[in-house]
Amino acid sequence: MNNKFFLRLLIITIILAFVDIILFSPGIYGLSFATQPVLFCTMLFLNGVILAGEVLYLAKSNTAKYGYDLDKLKDADDYRQALEACYSKKAPFAKEIKQAIEQVTAIEKKNKVLHEILEQNNKEHFTALLDLGNQALNFLVNNVRKMLNRIAIFDTDMGGQAEHEKYMQKLLVANENILNEFNKLLTEVSQLDDTATDDTLSNVLSDMTESLKMLRGDN
């Protein structure tokens, strides 16, 4: 279970203990079975329900188990945080997870640079280039999602780590290819200016689009 959720359970326990001290301490509220049996039993029952409900939630929650809920991940930052929740030097697939974190960070930065370059040129037809950059980012993130799926289903008792590692390495190689293609795109776009023709833009778009199609076919 994730350390964050142990902390959450600890905080709830401390809050309940603090409330109980106020309620049951003779010098404060002084709640007792002798004076207010219904309220006394109700408070004890609520204590048990709250703690049991929290433990049950933690036991069933994917976020508690893995540090993330795959169905709730929306953008690159969410996926990076999910990878970070899985990562420790002794964790299975530590090397692969670390590399994936670096890849997500890298493509986020490259996509930001692409946006900045194109915003400076302020051309309407550069929208297609922005969309292409977002496609590349989403493609890489989708590979990270596949990695997280493998991490979630991996059972150390069942073995098969080598097979999972091989699959993840394939995804990481695909991601490196995406980053390389993105570098080419940035190089081409940085050389464009307000005098760039539609044919020049079309060639840049065509080259990057074909590269992404090939990478999707390889994966």
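The values are calculated or read from the model by the stated rules, or taken from the named source; none is laboratory data. This is a predicted model, so every value here is computed, not measured. Backbone-built Cβ (ideal geometry, glycine too); neighbour counts: all protein chains shown.
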ALA85 - would you say it is touching a Gly at 6+ places or on another chain (Cβ under 6 Å), of a type in the set (Gly, Ala, Ser) and part of a helix (DSSP H, G or I)?
yes
Checked PHE33, PHE45 against criteria (at pLDDT below 90 and part of a helix (DSSP H, G or I)); the one match is PHE45
Would it be correct to say that TYR68 is under 16 Å from ALA152 (Cα atoms), modelled with pLDDT under 90 and not small (Gly, Ala, Ser)? yes
Worksheet item: Do we find that ALA85 is in contact (Cβ under 8 Å) with a residue 60 or more places away in the chain and more than 20 Å from LEU179 (Cα to Cα) in this structure?
Response: yes
Cβ pairs under 6 Å, 6+ apart or interchain, first in the stretch 158-186 and assigned by TED's automatic domain parsing to the domain that holds HIS115 and over 30 Å from LEU118 (Cα atoms), second at pLDDT 90 or above and buried (at least 20 other Cβ atoms within 10 Å of the Cβ), ordered by first then second residue, are MET168/GLU96; MET168/MET147
